[in-house]
Amino acid sequence: MVARIAQVTAKPGQASNISQAARERLVPMLKQQAGFIDAVILNSESDPNEFVTITLYKSKEDAEKALQQGQQLRESIRPLLQGDPVFRTFNVEISTMHNLGITRAAGTSS
């Protein structure tokens, strides 16, 4: 399992539009992606223009396909953003989310 972390900064006054786009367009799109498990969208308590999205996928390949298929959505919200989104991918080592109970022994890879 892999997690994709995306960080975006909304232009001043656009945070509510980013939240709306995530709720109405991003989440429904993600739910249709092969290998999609879950998404958590976070909004900074100290800076309401800062967002972090954590998406979980069954494989790195699934995460890559979802990133490619989300290009149109990213382009549509680009005018709301300060700069480009930053994406990072991580292997999930441990999770209690949805009782997935993932734990990997040290030194193993997926």
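None of the figures in this text is laboratory data; all of them are computed from the coordinates on show. All figures in this text were calculated on a predicted structure; none of them were measured in a lab. Glycine gets a Cβ as well: all are built from the backbone with ideal geometry, and neighbour counts include every protein chain shown.
Points to keep in mind about this one:
- Per residue, the average separation of C-alpha pairs within less than 8 Å and at least 6 apart gives the chain a relative contact order of 41 percent.
- Per principal axis, descending, Cα span of the chain in whole Å: 45, 30, 23
- The charge dipole of the chain, taken about the Cα centre with unit charges on the Cβ atoms of Lys, Arg (+1) and Asp, Glu (-1), comes to about 220 debye, rounded to the nearest 20.
- Dipole axis of the range 2-103 (+1 Lys, Arg; -1 Asp, Glu on Cβ), positive-most option in Ser19, Thr53, Gln33: Gln33
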